[in-house]
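J.: Structure in structure tokens, see below.
Quick note: the coordinates plus some simple rules give every number you see, no bench work behind them. Treat the numbers as computed from the prediction; the structure is a model and nothing was measured. For neighbour counting, all protein chains shown are included, and Cβ atoms are generated from backbone atoms with ideal geometry for every residue, glycine included.
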């Protein structure tokens, strides 16, 4: 039985995937940082079908305690 090596995803792969998801600006940068700092989540996100990745990314980040509302730059002070 032939053993395969796990796929290694580069920082460039992460950036390209976030761009394909339509993320821009500081939100894309924060998602990029989150995935690059967490190898397990980075590997998991690439195993999810592309049409489900954005929801999965939000789920991962929320579960990690990232406040998505803050990341999106909304302001509740008005």
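J.: Out of all the residues in region 1-30, which are over 19 Å from residue 51 (Cα atoms) and not in a loop (DSSP other than H, G, I, E, B)?
T.: Selection gives 11, 12, 25, 26, 29, 30.
J.: So, in region 1-25, exactly how many residues are within 22 Å of residue 65 (Cβ to Cβ) and surrounded by 11 or more Cβ atoms within 10 Å (Cβ to Cβ)?
T.: Residues in region 1-25 being within 22 Å of residue 65 (Cβ to Cβ) and surrounded by 11 or more Cβ atoms within 10 Å (Cβ to Cβ): 4 in total.
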